[in-house]
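J.: The following block contains the structure, expressed as C-alpha cells.
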Amino acid sequence: MHQLDLRNGLSLSSINLKADSDAEISYRIEKPIIGFGCILSGNVENDKDIVGNRLNPLKSRAGIGGISFFTDAEGVIRKAAGHAARVLHILITPDTLASMYESDMDDLPVQLQQLCEGRLSGEFRLLGKMSPAVKSVAHQVANGAPQGVNRRLYLEGRTLELIALQVALLKAGDQSNSYDQSLSPMERDKIIHIGEQLLQHQDSPPSLQTLAKQANLSINKLERGFRKVYGMPVFAFIRESKMQKARLLFLETSMNVSEVAWEVGYVNVSHFGAAFKKRFGILPKQFIKKYC
C-alpha cells in the first residue's frame, strides 16, 4: 500500500494486490475520518471490526465506489484468490471537508452536512456504481502524474476533483434531500432510472420523445427533472457521459481515436475530436500522447 499525505487532513492511498500473491492489507483507524473508496479492478473483501462490533465482511467488485465514515475501526482488505485487485482510497477529516465547502455546505448530502457540523456521531457506509466521470478521474489518480508535471500538485487536484464528483453523485441519490416540489419522489426515481439507461446505451441513445413516453413523463418534465437531478439537460448528460467514457477508453485501452469515436457513438471522427477538445481542452491525439 502506498500512501501520500497531500495536505493537512487529506491523504491518498493506493492498494495493489497481485494475482500471484496471497497478501492482505491490515489497517487501523483511530480518529474520525471520511473515506472515499474506488474499486478499480478485481474483487475485494473488507473484513472490518468497528469498536469491537464485528460486521459481516463487505464484498465489492470493480466499478464500485463509496463513501464511509468511521471513528474507531480496524480491519483487513483481501482480494479474490488468483486474481489481482486495485483499490484507491482517499481519507479526509470532517474538519478538512467542511473547510473545503465552507459557504457551499448545501452542496453536500445530508449525512455529510451533519457530519461536518458535528451533528452526526454514528458510522455510515454508502456504496454504489461509479459514474464514468468518477472512473476516469480515479484511474488518472491511480496512474500518477504525467511526466514533467509536479506529482503532488497533480494528485491533489485530481483527488479534490474525485471527492467533488463522488459527493455530487451521492447528492443526486440522496432521498432525504428536499427537491423542487414540481418533481415528486416517483418522478425523481424515473429520472435516475433514465440516466442509468442512457449510460448503458450512450452510443445510440433514444430520442427525448421515446424517453418521455417510456417514463410516462412529458418532455418538459423530463428536461426539468434532468436539470434538477443531474444538473444538466438530457443531451448535455449524454454528451458528458460520452466524453468521460472516451477519456476512460484512451486511458485503459490501446484503442485509437477512430475506434474510440465509434465506440461512443460518433460516426464523424472530426466531430468527435472537436467535442473532445471542447470538453477537455486538448485534441484526442494530443491526449493520448500526453497521458497514455
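J.: Going by what's in this entry, would I90 be described as under 30 Å from V264 (Cβ atoms), modelled with pLDDT of 85 or more, under 16 Å from the mean Cα position of the chain (by Cα) and surrounded by 19 or more Cβ atoms within 10 Å (Cβ to Cβ)?
T.: On the way: under 30 Å from V264 (Cβ atoms): yes; modelled with pLDDT of 85 or more: yes; under 16 Å from the mean Cα position of the chain (by Cα): yes; surrounded by 19 or more Cβ atoms within 10 Å (Cβ to Cβ): yes.
The answer is yes for I90.
J.: Further question on the same structure: Check whether at least one residue in region 5-18 is within 26 Å of L251 (Cβ to Cβ), at pLDDT below 80, hydrophobic (A, V, I, L, M, F, W, C) and more than 19 Å from the chain's Cα centre (by Cα), and report yes or no.
T.: Yes - at least one qualifying residue is present in region 5-18.
J.: Answer with yes or no whether I163 is at pLDDT 85 or above, surrounded by 12 or more Cβ atoms within 10 Å (Cβ to Cβ) and aliphatic (A, V, I, L, M). Give the steps one after another, and end with the answer.
T.: Numbers: at pLDDT 85 or above: yes; surrounded by 12 or more Cβ atoms within 10 Å (Cβ to Cβ): yes; aliphatic (A, V, I, L, M): yes.
Yes, satisfied.
J.: Please specify each residue of region 97-134 satisfying the condition of being in contact (Cβ under 8 Å) with a residue 12 or more places away in the chain and under 24 Å from F237 (Cα atoms).
T.: Within region 97-134, D107, L108, P109, L126, L127, G128, K129, M130, S131, P132, A133, V134 qualify.
J.: Still on this structure, I have one more. What number goes with the only condition from (1) over 16 Å from A133 (Cα atoms); (2) surrounded by fewer than 14 Cβ atoms within 10 Å (Cβ to Cβ) that M232 does not pass?
T.: (1)
J.: Further question: Of everything in region 194-229, what is in a loop (DSSP other than H, G, I, E, B) and either exposed (fewer than 15 other Cβ atoms within 10 Å of the Cβ) or free of Cβ contacts under 8 Å to residues at least 24 places away in the same chain (or both)? Give them in sequence order. Reasoning before the result, please.
T.: Let us first name the residues in region 194-229 that are in a loop (DSSP other than H, G, I, E, B), namely 201-207, 216-218.
Scanning region 194-229 gives H201, D203, S204, P206, S207, N216, S218.
The values are calculated or read from the model by the stated rules, or taken from the named source; none is laboratory data. Predicted model, so just to flag it, every value in this text is computed and none were measured. Positions of Cβ are generated from backbone atoms using ideal geometry, with glycine treated the same way; all protein chains shown enter the neighbour counts.
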